[in-house]
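**Q** Provided herewith is a single structure, encoded as structure tokens, for subsequent inquiry.
The values are calculated or read from the model by the stated rules, or taken from the named source; none is laboratory data. Note that the structure is a prediction, hence the values are computed from the model and not measured. Here Cβ is always computed from backbone atoms with ideal geometry, including for glycine, and neighbour counts include all displayed protein chains. Please note that ligands, DNA and RNA were not included when accessible areas were found on the heavy atoms of the full protein model with its side chains. Shrake-Rupley method; radii C 1.70, N 1.55, O 1.52, S 1.80 Å.
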Amino acid sequence: MPHAVRSKLPSLTGLRFFAALLVFCFHITLSNSPIPPNNAINPFEDQELGDTLESIFSKAGYAGVSFFFVLSGFLLAWASRPGEPFVRFWRRRLLKIFPNHIVMWVLAMVLFAAALTTPLGAISNLFLLNSYSPDGSVYVAVNPPSWTLCSELLFYLLFPLIINLLRRIPPRHLWAWAGVMVLCMAGVQLVTLYLIPATPVSALTPISVTQFWFGYIFPPPRLFEFIFGSILALIVLSGRWIPLKMYQALLLCLVGYGVAQVVPFVYSFTLAMIIPIGALICTSAAADLRGGNAFLASRVMQWLGNTSFGFYLCQGVVIFFGRILLGNETYSSPIALLVVVGFFGATLLGGWGLYALVEKPAMDRWSRPRRVPVAAPVPVLTE
């Protein structure tokens, strides 16, 4: 598709915030914190209400993370140009994640993580390698939400190779390869269920720590979502996307989320929502090509979308450490709701701070090679 047609996709920027919001709702309703002493995050004193909210949002975090992984593949394939130097691409992507990550790593270490984290956990998290360890205390070390950046880093490192291979696929075969990626995701969870040790069972999930690690945390299996997103971008660019309406894609997401609530636990990680997520992303991109979605493209939603990465990344400090500061107390429903709103405001403020003071300045300053001024020609003196 010509460069002019590969326009910006403001609807996807707006959607990013809702994905990050799903993760926030998942975190704020947890009955167990990933930070020792693993007390409840959910602030509701009414246990029935608290349990109901936790049940409603119990798959929201998985859906949000999967959305981000598919979206990463989609956007990188959408923007990719043949012949782009690998080093230039890698520099831009590393600058996207590491400045925010390092700031939050330092903040978490100062506030709580230094007293709770082993040297291996701290160092491996700093370099975004901790998700390769099946040790639960390592893969959520320091700033727990940053485990996803280990997968993103792997995606970025491999993308130049991946996109070169995907470009060789004839357009008529793209849908078949998208289906292969979904089958690979199913295969990962079959391995998780039947080949990964199921004991001892985790105190935080209905499966073992090792099963949770392999089926959800371990970066290589998450590549299938990323590649799936890249293939979907090529499908849209080739004009082969199904003409869904936005409400149809959203309805499909609701159905998928309902399925995620009832299927065996490991299938809620990716499988239950992967097709709805892909449909939502492709439908939004196709809508942008036709003129866009006024709501998602609005200034407010663009601002929220731009801050979504910071909003996601600072949740480990704001929510998990914030609840420790409050003594993990529970409150009457009206007060608990105000606590949730307060944590949302603090997380949003933190996300804006990371975007405005760290992420954007770093990208503006270093993401592109500096132009070397061309010296004026030296006049040649003639006799």
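**Q** If you roll a 1.4 Å probe over segment 134-291 with all protein chains in place, what percent of the accessible area is carbon or sulfur?
**A** With neighbouring chains kept in place, the figure for segment 134-291 is 73 percent.
**Q** Check which residues have an amide H placed less than 5 Å from residue 205's amide H, if you skip close sequence neighbours.
**A** Here nothing satisfies the definition.
**Q** Pick from 165, 95, 349: which residue has the top mean-square fluctuation in a GNM of the chain where Cα pairs under 10 Å get a spring?
**A** Of the options given, 165 has the highest mean-square fluctuation.
**Q** Follow-up question, since we're still on this one. Treating only the Cβ atoms of Lys and Arg (+1) and Asp and Glu (-1) as charged, compute the dipole magnitude of the chain about its Cα centre; round to the nearest 20 debye.
**A** 1740 debye
**Q** Of 110, 23, 65, which is the most mobile in a GNM of the chain whose springs link Cα atoms less than 10 angstrom apart?
**A** Result: 110 has the largest fluctuation of those listed.
**Q** Output ³J(HN,Hα) for segment 312-328: one whole-Hz value per residue in order, computed from phi by the Karplus curve 6.51 cos²θ - 1.76 cosθ + 1.60 with θ = phi - 60°, and x for Gly and Pro.
**A** Coupling constants for segment 312-328: 5, 6, 8, 5, x, 7, 5, 7, 5, 6, x, 5, 5, 4, 7, x, 6 Hz.
**Q** If you roll a 1.4 Å probe over the heavy atoms of the protein chains, what accessible area per residue do you get for segment 147-299, in Å²?
**A** 45 Å²
**Q** Let me ask another. Label point 7 Å out from residue 55 along Cα-to-Cβ: which residues of segment 204-220 have amide N under 20 Å?
**A** From segment 204-220, the list is 204-207.
**Q** Just to be sure I follow: if Rg is taken over the C-alpha atoms of segment 188-322 and Rh is the Kirkwood radius over the same atoms, what is Rg/Rh?
**A** 1.03
**Q** Let me ask another. Ranked from highest to lowest mean number of other Cβ atoms within 10 Å per residue, what is the order of the peptides 257-270, 81-94?
**A** Packing order, densest peptide first, comes out as 257-270, 81-94.
**Q** For segment 67-153, just run the numbers: alpha carbon Rg, then divide by 2.2 N^0.38 Å, N being how many residues it has.
**A** The value comes to 1.23.
**Q** Let me ask something else. Starting from the alpha-carbon convex hull of the chain, give the projected area averaged over all orientations, in nm².
**A** That works out to 23.8 nm², a quarter of the Cα hull's surface.
**Q** Please work out the FRET efficiency for the pair residue 157 and residue 240, using the Cβ-Cβ distance as r and a Förster radius of 30 Å; give the result to the nearest 0.05.
**A** That pair, residue 157 with residue 240, gives E of 0.55.
**Q** Find the all-direction average of the projected area of the Cα convex hull for segment 96-202, expressing the result in square nanometres with one decimal place.
**A** Seen from a random direction, the Cα hull of segment 96-202 projects 8.9 nm² on average.
**Q** Which value in deg cm²/dmol, rounded to the nearest 500, describes the helix-derived mean residue ellipticity at 222 nm for the chain, given -39,500 (n - 2.57) per DSSP H run of n ≥ 4 and division by the residue count?
**A** For the chain, the value works out to -19500 deg cm²/dmol.
**Q** While we're looking at this one, here's another question. How about residue 245: which lysines have a C-alpha closer than 21 Å to its C-alpha, ignoring those fewer than 8 places off in the same chain?
**A** Result set, ordered by chain and number: 8.
**Q** Against the globular-protein guess of 2.2 N^0.38 Å, express the Cα radius of gyration of segment 320-360 as a ratio, rounded to two decimals.
**A** In units of the globular-protein estimate, segment 320-360 measures up at 1.42.
**Q** Using modelled backbone amide H atoms (1.01 Å from N, in-plane), which distant-in-sequence or interchain residues come within less than 5 Å of residue 44's amide H?
**A** The answer is 331.
**Q** Which number do you get for Rg(Cα) / (2.2 N^0.38 Å) in segment 48-98?
**A** Expressed relative to 2.2 N^0.38 Å, the Cα Rg reads 1.80.
**Q** Any idea what the relative contact order of the chain is, in percent, if you count C-alpha pairs under 8 Å spaced at least 6 apart?
**A** The value is 29 percent.
**Q** Once you keep just the Cα pairs under 8 angstrom separated by 6 or more residues, what percentage relative contact order results for segment 230-343?
**A** It comes to 21 percent, rounded to a whole number.
**Q** Still on this structure, please answer the following. In nanometres, what is the gap between the two model label sites at residue 183 and residue 31, each 7 Å from Cα along Cα-to-Cβ?
**A** Modelled inter-label distance: 3.9 nm.
**Q** Determine the gain in length on full extension of the stretch residue 263-residue 356; use 0.36 nm per residue of separation and subtract their C-alpha separation, reporting nm with one decimal.
**A** Between residue 263 and residue 356, full extension yields an extra 29.4 nm.
**Q** State the answer as a single residue: which of 121, 85, 193 lies farthest towards the positive end of the charge dipole of the chain, with beta carbon charges of +1 for Lys and Arg and -1 for Asp and Glu, about the Cα centre.
**A** 85
**Q** With the contact rule set at Cα under 8 Å and sequence spacing of 6 or more, what percent relative contact order holds for segment 5-109?
**A** After rounding, I find 26 percent.
**Q** Along the Cα→Cβ direction, 7 angstrom out, place labels at residue 295 and residue 169. What is the inter-label distance in nm?
**A** That separation, rounded to one decimal, is 3.1 nm.
**Q** Could you order the peptides 38-47, 66-75 from most to least packed, using the average number of other C-beta atoms within 10 Å per residue?
**A** Going by the mean number of other Cβ atoms within 10 Å, highest first, we get 66-75, 38-47.
**Q** Could you bin all the Cα-Cα distances of segment 1-147 into 10 Å bins starting at 0 and give me the percent of pairs in each, rounded to whole numbers?
**A** Cα pair-distance distribution for segment 1-147, in percent: 10, 28, 34, 19, 7, 1.
**Q** Tell me, what ³J(HN,Hα) does each residue in segment 266-280 have, in order and in whole Hz, if you take phi through Karplus 6.51 cos²θ - 1.76 cosθ + 1.60 with θ = phi - 60° and put x for Gly and Pro?
**A** Taking θ as phi minus 60°, the curve returns 5, 6, 7, 4, 9, 4, 4, 10, 5, 5, x, 4, x, 5, 5 Hz for segment 266-280.
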